[in-house]
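Enquirer: Got a structure for you, questions after.
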Amino acid sequence: MTRALVTGASAGIGEGFARRLAKDGWSLVLVARRRDRLEALRDELRCDAEVLVADLASEGGMNDVSARIARGDLDLVVTNAGFGTIGAFGEAPIDREMEEIDVLVRAVVRLTHAALAAMIPRGRGAVLNVASMAAFQPVPYNAVYAASKAFVLSFSESVHEEAKPHGVTVTCTCLGPVRTEFQRVAKLQGKRLPHRRLMRAMAKTGIDDVVDASLRAVARGDAVCVPGALNAVIAKASQAVPRPLLRRMSGRVYRGQKS
C-alpha cells in the first residue's frame with residue numbers, strides 16, 4: 001500500500017492517522033474543511049501530500065471526495081470525519097442533527113462505495129471506517145451519534161464480507177474516549193460525567209494507540225477493531241447486558257449533559 005486518503009485530517013484522530021501514515025512512507029490525500037490547517041499539516045509532514053478542502057455535510061463536498069477516490073490510485077481510504085451532539089433529541093436543533101447524519105452516515109456510504117468501485121477491479125485496497133464504542137449500545141442524549149455509529153459498524157461488517165473475496169477489506173474501528181477537539185465540539189469539555197474514573201481509565205488509550213491498533217487491524221484484514229484492552233472488554237460485556245438495562249445505564253451517564 002502506498003497512497004491513502006484521510007478525511008477529518010485537520011485535527012484529532014484524523015491528524016493522527018495522517019502523521020502515522022506519513023511516518024511510514026505513505027503518500028497522502030488530506031481532506032477537511034479547514035484549508036489553513038491542512039496546508040500547515042502538509043508542510044510539517046514534508047511528504048507527498050495533496051490538500052482537498054471539502055465539507056462532507058454537503059453534497060458538493062461528498063461529490064468532490066468521491067471523485068478523487070474514483071481516480072483509482074488509492075490503496076487506503078480512512079473515513080474519519082465526524083462530530084457529535086449532546087442533549088435531548090426532542091430539544092435539539094434538527095438541522096444540526098441532520099448535518100450529523102450527513103457526515104457520519106451518508107458520507108461514509110458514499111466514500112466507501114467510491115472506494116470499492118475503484119478497488120475491486122484492481123483486486124486490492126482497504127477502507128477504514130472510524131466508529132465508536134457507542135455503536136454497541138443505545139445512548140440516550142447522544143441518540144443520533146450512537147445510532148449513526150451503529151449503522152457504520154453494521155454497514156462496514158456487511159460490505160467487508162462482500163468485498164473480501166475480491167481482495168479488498170473494509171475495517172470498522174470502534175473507539176473509546178480519546179481526548180481530542182471532539183469533546184469541545186460536542187460541548188463536553190469541562191463537564192463532569194458520572195463514572196468519570198471509568199471514563200478516565202478508558203481514555204488512557206490515546207490517539208497514537210488507536211491509530212496503531214486500527215492500522216494493524218487493517219493490515220490483518222479484520223472486519224472490526226476495538227482499540228484498548230479495557231474498551232474491548234466493555235464492548236463485549238455490553239452485548240451481554242439486556243437492552244432495557246443497557247439504555248437506562250447509558251441514559252444515566254449522559255442525562256447530566258443535556259444543557
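Enquirer: Would you confirm, using the coordinates I've provided, whether Asp75 is among the charged types (D, E, K, R), under 20 Å from the mean Cα position of the chain (by Cα) and closer than 21 Å to Val159 by Cβ?
Expert: Details: among the charged types (D, E, K, R): yes; under 20 Å from the mean Cα position of the chain (by Cα): yes; closer than 21 Å to Val159 by Cβ: yes.
In short, yes.
Enquirer: With the condition kept exactly as written, say whether any residue in the range 71-85 is aliphatic (A, V, I, L, M) and surrounded by fewer than 16 Cβ atoms within 10 Å (Cβ to Cβ). Full working, then the answer.
Expert: Step one: filter the range 71-85 for residues aliphatic (A, V, I, L, M), giving 74, 76-78, 81.
If we keep only those that are surrounded by fewer than 16 Cβ atoms within 10 Å (Cβ to Cβ) too, we end up with none.
Checked against the condition, which is being aliphatic (A, V, I, L, M) and surrounded by fewer than 16 Cβ atoms within 10 Å (Cβ to Cβ), the range 71-85 yields no hits at all.
Enquirer: Here is a list: Gln257, Gln183. Which entry is outside any loop (DSSP other than H, G, I, E, B), within 19 Å of Phe83 (Cβ to Cβ) and either modelled with pLDDT under 95 or more than 16 Å from the chain's Cα centre (by Cα) (or both)? Before you say what the answer is, go through the steps one by one.
Expert: Values: Gln257 fails: outside any loop (DSSP other than H, G, I, E, B).
When all the criteria are applied, what remains is Gln183.
Enquirer: For the range 80-87, indicate whether the set of residues that are closer than 30 Å to Pro140 by Cβ and not in a loop (DSSP other than H, G, I, E, B) is non-empty. Walk me through how you get there before you give the answer.
Expert: First, the residues of the range 80-87 that are closer than 30 Å to Pro140 by Cβ: 80-87.
Among the residues that remain, those that are also not in a loop (DSSP other than H, G, I, E, B) are: none.
No: zero hits.
Enquirer: Now, a different point. Give me the pairs, please: first residue somewhere in the range 229-242 and surrounded by 11 or more Cβ atoms within 10 Å (Cβ to Cβ), second residue anywhere and of a type in the set (A, V, I, L, M) and in a loop (DSSP other than H, G, I, E, B), beta-carbon distance under 8 Å, and either six or more positions apart or on two chains.
Expert: Listed by first residue and then by second, the contacts come to Ala232/Val226; Ala235/Val226.
Enquirer: Given the criteria modelled with pLDDT of 95 or more, within 23 Å of Thr171 (Cα to Cα) and not hydroxyl-bearing (Ser, Thr, Tyr), does Val51 qualify?
Expert: Working: modelled with pLDDT of 95 or more: yes; within 23 Å of Thr171 (Cα to Cα): no; not hydroxyl-bearing (Ser, Thr, Tyr): yes.
Against the criterion (modelled with pLDDT of 95 or more, within 23 Å of Thr171 (Cα to Cα) and not hydroxyl-bearing (Ser, Thr, Tyr)), Val51 does not qualify.
The values are calculated or read from the model by the stated rules, or taken from the named source; none is laboratory data. All figures in this text were calculated on a predicted structure; none of them were measured in a lab. Don't worry about glycine lacking a Cβ; one is built from the backbone with ideal geometry, like all the others, and counts go over all protein chains shown.
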